[in-house]
Amino acid sequence: MISVRVETDSLGARPFSSAGTALHVPQRLFNAKLALINNTADAVPELGERFPELHSESWRVFPDGRMESTYGLKSGLAWHDGTPLTAEDWVFGWRVYAHPELGQAGALPQQAIDVVEAIDRQNLRVRWKVPFPGADHLSDRGRELLPLPRHLLQDVFDRGDMETFLSHPYWSRDYVGVGPYKLEHREPGAYIEAVAFDQYALGRPKINRIRIMPIGDSNTVFARIMAGEIHVATDNSIGQHAELIRRDWEPRQAGRVLQWPNAWRYTAFQMRPDLASPAAILDLRVRKALAHAIDREAINEAVYGGQIIYSSAPVWERSEYGPGVEQATDLVRYAFDLRQTELLMAQSGFTRGRDGLYANADGRFVGELGTTSGADNEPEVAIMADGFRRAGFEIREHILSNVLAQDNMLRSTFPTMATSNTNLGIPALLNFATDQIPSAAARWRGSNRGAWSNAEYDNVMNTFGATLERDQRNAQVARAVTLLSEDLPAIPLFFRSQPFAHVKELRGPDTSAPEASIPWNVHTWEFQ
């Protein structure tokens, strides 16, 4: 029995709707990629058998910047319904994700691909418009080339009605994947029943049956895992109870609580002039003043038991591109400093009135700080909002329920500030590109919810995406994090470690690199 915090609309590896939080366990159970990213961030073959090697016939880079890469698939691959999985399913998957009406055509790798071709049933060729460093295995999180089942979806897709395509029962109750587990039954709002897939590419999983239960109340999760009714609590379902569980379990060796540093926590500003309220947040000095008014240490001690890692950039120094942050000598850091807050607000025309609150000629600064519902999120935002008020800002708190958190339009149209998570590292940097700004035309897809746009930043990230040499990529990361710190579209808070608690009877889970996930090896887990 595994608990997760929210229920996802789709079990797909790259869904067209968002659950408002990353659901690593369901995605891992039901899906597979060309390669599997392991606990040390190395790529190991999963569905793929042969991967391209740079400067060889399998990975050619042409003088005009175009590329060509080829991939060999394992033999005997099959979908959960027994239908053979072939190279044509990757071709179809690329066609779907590259469709302009589905909101992902501007994301990588679709944006960089010219065409995907099936050489034969077990060999795939990708022709690239530009150099793309992830072409080595095409399995980095958020930048995968994924197969989709032609036998189930091609007919409806080819009719051209994307609303009908997205409402197809495949995406919800009838999901068919290629991962270690297949969907047996789904009771909306209650549970998802998964059974081991005999034909999984890396061998039949050792645990025969897994039930996933969405439970939004961490108190309920805590009570049930302590009672032995839940064996694994993951995907942010135990919240602040992780430390309580650890203290209870460790002395009697009843289980383990792992911490997986996998998310960057930040507070985004609303940069759309027609939505920004108050309009003063469009002033860089005001954004900097607010950044200096956040007491991260108070949040850490009150909510996270002193366990968080403070952040000045979206990239953790101990992750894959940590050397790039170390090179960012001009990175602007915003320490808790109310003197700086007062100075910056004075420079922007604000003074504190008799009530202690900032106002200018247009009136009092009145803003909102939002987040999604969660055992950690809500007290965290309460502390932040209280700190802002003490510093002179009239800030109201707004909490989106787990249901409303799945509405990408609501997540993108906040008036002032919104605190949320995203995958740390390169995915977080890519989220601030202009092409990731959500809009109605893109079905509100995209993670640049504050709608910040910076031409130099876009150029750096576009160049990064086309650079193959690691030293140059680190230099580009250094410039990207510096630009973010200078223009401040979001306040960096900290790197969040996702707690993963499991009873002693379960063997196999262990800590993992940020680029991977704890259930990467779920097919090897054993329950004794």
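The values are calculated or read from the model by the stated rules, or taken from the named source; none is laboratory data. Everything quoted here is computed from the prediction, not taken from an experiment. Don't worry about glycine lacking a Cβ; one is built from the backbone with ideal geometry, like all the others, and counts go over all protein chains shown.
Could you pull out the residue among 96, 126 that is among the aliphatic types (A, V, I, L, M), buried (at least 19 other Cβ atoms within 10 Å of the Cβ) and assigned to a helix (DSSP H, G or I)? Quick ask: steps written out before the conclusion?
Working: 126 fails: assigned to a helix (DSSP H, G or I).
That would be 96, the only listed residue that is among the aliphatic types (A, V, I, L, M), buried (at least 19 other Cβ atoms within 10 Å of the Cβ) and assigned to a helix (DSSP H, G or I).
Within the stretch 245-275, if we keep just the residues that are of a type in the set (A, V, I, L, M, F, W, C) and surrounded by 20 or more Cβ atoms within 10 Å (Cβ to Cβ), the residue that is farthest from residue 505 (Cα to Cα) turns out to be 271.
The condition of being modelled with pLDDT of 95 or more and not assigned by TED's automatic domain parsing to the domain that holds residue 179 does not hold for residue 132. Restricting the stretch 474-528 to residues that are of a type in the set (Lys, Arg) and crowded, with 18+ Cβ neighbours inside 10 Å leaves a set whose member that is farthest from residue 335 (Cα to Cα) is 479.
Can you tell me which residue within the stretch 287-311, out of those that are touching a helix residue (DSSP H, G or I) at 6+ places or on another chain (Cβ under 7 Å) and not hydrophobic (A, V, I, L, M, F, W, C), is modelled with the lowest pLDDT? So, considering only residues that are touching a helix residue (DSSP H, G or I) at 6+ places or on another chain (Cβ under 7 Å) and not hydrophobic (A, V, I, L, M, F, W, C), the one modelled with the lowest pLDDT is 305. The lone criterion from (1) surrounded by 22 or more Cβ atoms within 10 Å (Cβ to Cβ); (2) part of a loop (DSSP other than H, G, I, E, B); (3) at pLDDT below 95; (4) over 16 Å from the mean Cα position of the chain (by Cα) left unmet by residue 464 is number (2).
Residues of the stretch 179-199 that are touching a His at 6+ places or on another chain (Cβ under 7 Å) and either part of a loop (DSSP other than H, G, I, E, B) or of a type in the set (S, T, N, Q) (or both): 180, 197. Sort out which residues of the stretch 392-408 are surrounded by fewer than 17 Cβ atoms within 10 Å (Cβ to Cβ) and closer than 20 Å to residue 445 by Cβ, and write them in order of number. Those that are surrounded by fewer than 17 Cβ atoms within 10 Å (Cβ to Cβ) and closer than 20 Å to residue 445 by Cβ: 403, 404, 407.
What number of residues within the stretch 200-253 are part of a loop (DSSP other than H, G, I, E, B), of a type in the set (Ser, Thr, Tyr) and over 21 Å from the mean Cα position of the chain (by Cα)?
So the first thing to find is which residues in the stretch 200-253 are part of a loop (DSSP other than H, G, I, E, B), and the list is 200-208, 215-217, 227-231, 234-238, 253.
Imposing the further condition that a residue be of a type in the set (Ser, Thr, Tyr) reduces the set to 200, 234, 237.
Subsequent filtering for residues that are over 21 Å from the mean Cα position of the chain (by Cα) retains 200.
Residues flagged as part of a loop (DSSP other than H, G, I, E, B), of a type in the set (Ser, Thr, Tyr) and over 21 Å from the mean Cα position of the chain (by Cα) within the stretch 200-253 amount to 1.
Give the stretch 409-437 a look and list any residue that's assigned to a helix (DSSP H, G or I), within 13 Å of the chain's Cα centre (by Cα) and crowded, with 22+ Cβ neighbours inside 10 Å, or say none. Selection gives 426, 428, 429, 430.
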